[in-house]
């Protein structure tokens, strides 16, 4: 995939990466929008069309009285970002450039007089998703975390305090962790049950971390990458398999026992989490799962899949989608405070290395979380 990635002026003239970014400090208590100095001194990663992602020069944000400004420390990039870049937007090109970046950590730089829950100097993560149809942050709206200074609306709901002992680069993992956590909730895993996580990218690893943290001991991870399987085992998974070299269903029968079915015994695994994006996984689970098993689908599947509803009916399977993290973000931050998940961040790049970060994310299956250090001095 060819991606054009360069710094871009409003006048459409390119400039160099090392353009200095001047962050104007603002008083916490004084609010005067007309007095805010605006200048084209910030960099922001934006999608302008299919396979056209640029690092633009933008004006500093103009916050309102109920907003907060966050000095971004780190921002993760993920498979959703790759999809937005390839399509030119969330579902294709939009009327305005799409600002990327929804896995955000940083430090509160300014708050409006109507903000009560956070203060200047607080270390925070940004909850990008909300009840809105399209998130404002990095997945459809005008704001994105791949910039040094971010204006956060609804900060009382969107900003969550990071404990002092959690580094801000690790804190940026709160967002994909919350997505994985919600996928676990959708699978309704009960104590003692066997569960399989297909796909050990950041969201799948977040699901594994959640399951282990909740005391589940019969967690199996499946991934093509030895690196990712090792990460899952490091989190406490019972086993991790390569589906190209192992008969997964025979292994599950050995680990989780069997259950009767009219056409022969099946693996006794009770719950499955699909985080790989491979269509075949959904078909295989329906064909091989036990009666009453549950499948939570958190990966993006863009193509229609022909599903045997007769098999689903006969086995009384539950197939459930999982999107974002309703009421799970605070739990995600709490988990990061309890467990060291820093090993899941396998690649770190500066904002000026965004094209290199994209290449790793798009071309390597041996990576965990790919992180952009917007301001690594805050870590």
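The values are calculated or read from the model by the stated rules, or taken from the named source; none is laboratory data. Everything numeric here is computed off the predicted structure, so don't read it as measured data. Reconstructed Cβ throughout: ideal geometry from the backbone, glycine too, with neighbour counts over all protein chains shown.
Quick check, is residue 166 under 30 Å from residue 61 (Cβ atoms), assigned to a helix (DSSP H, G or I) and in contact (Cβ under 8 Å) with a residue 24 or more places away in the chain?
Taking the combined requirement at face value, the residue does not satisfy it.
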Practice item. With the condition kept exactly as written, say whether any residue in the range 198-213 is more than 23 Å from the chain's Cα centre (by Cα) and under 24 Å from residue 369 (Cα atoms). Key: no
Revision key, fill the gap. When (1) within 20 Å of residue 322 (Cβ to Cβ); (2) modelled with pLDDT of 80 or more; (3) surrounded by fewer than 20 Cβ atoms within 10 Å (Cβ to Cβ) are applied to residue 130, the one that fails is (2)
Check your understanding: Does any residue of the range 320-329 turn out to be out of contact with any helix residue (DSSP H, G or I) (no Cβ under 6 Å at 6 or more places or on another chain), under 30 Å from residue 294 (Cβ atoms) and surrounded by 14 or more Cβ atoms within 10 Å (Cβ to Cβ)?
Key -> yes
Revision key, fill the gap. Of the conditions (1) assigned to a loop (DSSP other than H, G, I, E, B); (2) surrounded by 21 or more Cβ atoms within 10 Å (Cβ to Cβ), the single one that residue 190 does not satisfy is (2)
Check your understanding: Can you tell me which residues in the range 43-61 are in contact (Cβ under 8 Å) with a residue 24 or more places away in the chain and more than 30 Å from residue 298 (Cα to Cα)?
Key -> 43, 56, 57, 58, 60, 61
Practice item. Hey, can you tell me all the residues within the range 92-111 that are farther than 25 Å from residue 206 by Cβ and surrounded by fewer than 20 Cβ atoms within 10 Å (Cβ to Cβ)? Key: 92, 93, 94, 95, 96
Practice item. Answer yes if at least one residue in the range 334-346 is more than 15 Å from the chain's Cα centre (by Cα), modelled with pLDDT of 95 or more and more than 20 Å from residue 74 (Cα to Cα), and no otherwise. Key: yes
Exercise for review: Go over the candidates 79, 64 one by one and state the one that is in contact (Cβ under 8 Å) with a residue 40 or more places away in the chain, farther than 25 Å from residue 327 by Cβ and either surrounded by fewer than 23 Cβ atoms within 10 Å (Cβ to Cβ) or not assigned by TED's automatic domain parsing to the domain that holds residue 161 (or both).
Suggested key: 64
